[in-house]
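All remarks here apply to the structure that follows.
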């Protein structure tokens, strides 16, 4: 079978391509660097010709409200239109757990718009919604920093290794479309403020962590269930304490 991985040269996409190839499939990494641009449509028709499955793990180059919505809406429309012409039988897209419940986030509003386009298309689909990646922990801490301290809400947090996300995406891609959503989170659930306090200490980061129930996560306040999947969701296998990148190493 031919699989086309949109965003196939990135953090998750490169691992998805490798995982599909290890299973004996033809996997094409599609990205602007390989001549495929979903935003402009360049190279898209050629890339999806003959594909049985298209996996979209691409991400917007800008997280500002307007550009990120333009990216996901336009790219998804272009991709679905090309798939319909090519007769693609399964569209898999990677998204975020809890996106619908955080409408104050422009990025997550854009992901919801993407969901709606995929769900309204004629192509059978699977939406994989993952929790926050271990790889993004540093960026989350930076986003919550004010006046030299990190403000974090005392809510549930269930991050996952990118490697585990890629594995679940591969499993979804080789399976039949569910025409619905699959959730995946990390193997452990933490309290967010306590997690970041321990992580920063392990990294010898001088910033303190302040517990703040009103701390905003990329522009929005959180409830205890905002960032975690349902209890019956799939779980990753790699624990944070065993993840090689948990403490940055000197170059």
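The values are calculated or read from the model by the stated rules, or taken from the named source; none is laboratory data. All of these numbers come straight from a predicted model, not from anything done at the bench. Reconstructed Cβ throughout: ideal geometry from the backbone, glycine too, with neighbour counts over all protein chains shown.
Out of curiosity, is residue 205 touching a strand residue (DSSP E or B) at 6+ places or on another chain (Cβ under 8 Å), over 16 Å from residue 134 (Cα atoms) and in contact (Cβ under 8 Å) with a residue 12 or more places away in the chain?
In short, no.
Can you find even one residue in region 45-59 that is out of contact with any strand residue (DSSP E or B) (no Cβ under 8 Å at 6 or more places or on another chain), touching a residue at least 12 places away in the same chain (Cβ under 8 Å) and assigned to a loop (DSSP other than H, G, I, E, B)?
Checked region 45-59: at least one residue is out of contact with any strand residue (DSSP E or B) (no Cβ under 8 Å at 6 or more places or on another chain), touching a residue at least 12 places away in the same chain (Cβ under 8 Å) and assigned to a loop (DSSP other than H, G, I, E, B).
Suppose we filter region 184-207 for residues that are in a strand (DSSP E or B) and either at pLDDT below 95 or closer than 15 Å to residue 137 by Cα (or both); how many remain?
Final tally of qualifying residues: 3.
Determine, yes or no, whether residue 118 is farther than 25 Å from residue 51 by Cβ and touching a helix residue (DSSP H, G or I) at 6+ places or on another chain (Cβ under 9 Å).
Answer is no for this residue.
Restricting region 215-248 to residues that are farther than 22 Å from residue 96 by Cβ and part of a loop (DSSP other than H, G, I, E, B), which is modelled with the lowest pLDDT?
The qualifying residue modelled with the lowest pLDDT is 248.
Conditions (1) under 22 Å from the mean Cα position of the chain (by Cα); (2) surrounded by fewer than 17 Cβ atoms within 10 Å (Cβ to Cβ), marked per residue:
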{"position": "46", "(1), (2)": "no, yes"}
{"position": "49", "(1), (2)": "no, yes"}
{"position": "54", "(1), (2)": "yes, no"}
{"position": "57", "(1), (2)": "yes, no"}
{"position": "60", "(1), (2)": "yes, no"}
{"position": "65", "(1), (2)": "yes, yes"}
{"position": "70", "(1), (2)": "yes, yes"}
{"position": "75", "(1), (2)": "yes, no"}
{"position": "82", "(1), (2)": "no, no"}
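Scan region 1-30 and report the pairs whose first residue is crowded, with 16+ Cβ neighbours inside 10 Å and whose second residue is modelled with pLDDT under 95, with Cβ atoms within less than 6 Å and a gap of 6+ or a chain change.
25/1
Return the residue satisfying two criteria in turn: it lies in region 100-118 and is touching a strand residue (DSSP E or B) at 6+ places or on another chain (Cβ under 7 Å) and in a helix (DSSP H, G or I), and of such residues it is modelled with the lowest pLDDT.
The selected residue is 108.
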